[in-house]
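Report on the structure given below.
The values are calculated or read from the model by the stated rules, or taken from the named source; none is laboratory data. Note that this is a predicted model, so its numbers are computed, not measured. Here the Cβ positions follow ideal geometry from the backbone for every residue, glycine too, while neighbour counts run over all protein chains shown.
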Amino acid sequence: MVDYPVEIGRIAVSTAGRDKGRFFVILDIIDEQYVYISDGDLRPKDRPKKKKLKHLRLCPEVLGGIAEKLRTNARVFDAEIRSAVRASKSYNDA
């Protein structure tokens, strides 16, 4: 099993909770255990979910455009997140 680094813009799949099996993008890293995630749909960017890393499976794909916007505090729309997650290879392979 390959462990991918935790970074802003990385695709992750929830492995526990009522959102199990849903794909998200990491918006922010809180500490070693927690991150904020969003899917642009049920969890919009303005209301991200705080989730433990042990309840996420990190995917190899990083959404570079969204990651860059998040780092530079540029505006990111929920539709951008939603379409990028659905267009990702990880989402389509599942």
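One table, with the values for the structure above:
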item: Exclusive hit being modelled with pLDDT under 95 and closer than 22 Å to residue 5 by Cβ, set 89, 50; result: 89
item: From the options 58, 70, residue that is aliphatic (A, V, I, L, M), crowded, with 16+ Cβ neighbours inside 10 Å and at pLDDT below 95; result: 70
item: Residue list for segment 42-63, restricted to those being more than 12 Å from the chain's Cα centre (by Cα) and not aliphatic (A, V, I, L, M); result: 46, 47, 52, 54, 55
item: Residue count for segment 69-86, restricted to those that are closer than 13 Å to residue 27 by Cβ and in a helix (DSSP H, G or I); result: 8
item: Sole residue being under 13 Å from the mean Cα position of the chain (by Cα), surrounded by fewer than 19 Cβ atoms within 10 Å (Cβ to Cβ), part of a strand (DSSP E or B) and among the hydrophobic types (A, V, I, L, M, F, W, C), chosen from 13, 6, 35; result: 13
item: Condition met for residue 72 (among the hydroxyl-bearing types (Ser, Thr, Tyr) and touching a Lys or Arg at 6+ places or on another chain (Cβ under 8 Å)); result: no
item: Scope segment 47-64; condition over 11 Å from residue 10 (Cα atoms) and in a helix (DSSP H, G or I); matching residues; result: 53, 54, 55
